[in-house]
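The values are calculated or read from the model by the stated rules, or taken from the named source; none is laboratory data. Every value quoted in this text rests on a predicted model; they were computed, and no experiment measured them. Cβ placement follows ideal geometry from the backbone for every residue including glycine, while neighbour counts extend to all protein chains displayed. Keep in mind that these areas ignore ligands, DNA and RNA; they rest on the heavy atoms of the full protein, side chains included. Shrake-Rupley method; radii C 1.70, N 1.55, O 1.52, S 1.80 Å.
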Amino acid sequence: KFHMVSQNESCDNNKSFLELIKDLTDLRSSQGKRHEIHVVMIIAIMAIMNGYLSFRALQDYAEVNKKEFIKLFKLKKKQLPKKDVFRTVFNQIQFEELNFIFESWVKQELKIAKLDWISLDGKAIKHTFPDKTHHFVTLVSMFAHKSKQIISQDKVKHKNNEIPISQSLIDLFKKNEN
């Protein structure tokens, strides 16, 4: 299982989030694959941060910003992912691996002030239930108030409560402080 990156673990310091996300495992079939996983993920993250939440909206965001993305990613074919590509990637992505990459990046970027408040909050995430089970994904997040940044997060297993996840995040945070 992936976990919060400790001070002793190497997380390839000074790598940008873009460089780190390139290490994400791409579970799509290689046949017909037109877009590298990091391109799909960065476009999706930027779109979501700007309020584009559906797969159609992610596609729309990519199209609106097409020139910038072609330049940023140096795309030769000048094509951007469509909604089906976003859907496929999101359905196959491994939360633990993506979370590990995120935490690696946060570890090198986030500086927590001495008297900063650290909070925990659990939320059921809208539109995240698998087709058959109809159970929302619930995340517990740990965040720093002054910097307004998430430090870590973890998924709550179905029919579990948030307390054990919250306690494990606190324990890992304490361990990382030392």
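Residues of region 43-53 that are open to solvent by 20 Å² or more (accessible area, probe 1.4 Å) and in contact (Cβ under 8 Å) with a residue 12 or more places away in the chain: Met46, Leu53.
Quick grid of which residues meet (1) part of a helix (DSSP H, G or I); (2) of a type outside the set (Ser, Thr, Tyr); (3) closer than 18 Å to Ile21 by Cβ; (4) modelled with pLDDT under 95:
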| position | (1), (2), (3), (4) |
| --- | --- |
| Val39 | yes, yes, yes, no |
| Leu53 | no, yes, no, yes |
| Arg56 | yes, yes, no, no |
| Gln59 | yes, yes, no, no |
| Gln79 | no, yes, no, yes |
| Trp105 | yes, yes, yes, yes |
| Lys111 | no, yes, no, yes |
| Gly122 | no, yes, no, yes |
| Thr128 | no, no, no, yes |
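Residues in region 134-166 that are assigned to a helix (DSSP H, G or I) and either more than 18 Å from Glu96 (Cα to Cα) or modelled with pLDDT under 75 (or both): Ile163 alone. Criterion applied to Glu68, Glu97 was being touching a Ser or Thr at 6+ places or on another chain (Cβ under 7 Å), assigned to a helix (DSSP H, G or I) and of a type in the set (D, E, K, R), and the one residue passing it is Glu97.
Within region 72-83, being without any contact (Cβ under 8 Å) to a residue 40 or more places away in the chain and surrounded by 10 or more Cβ atoms within 10 Å (Cβ to Cβ) holds for Leu72, Phe73, Leu75, Lys82, Lys83.
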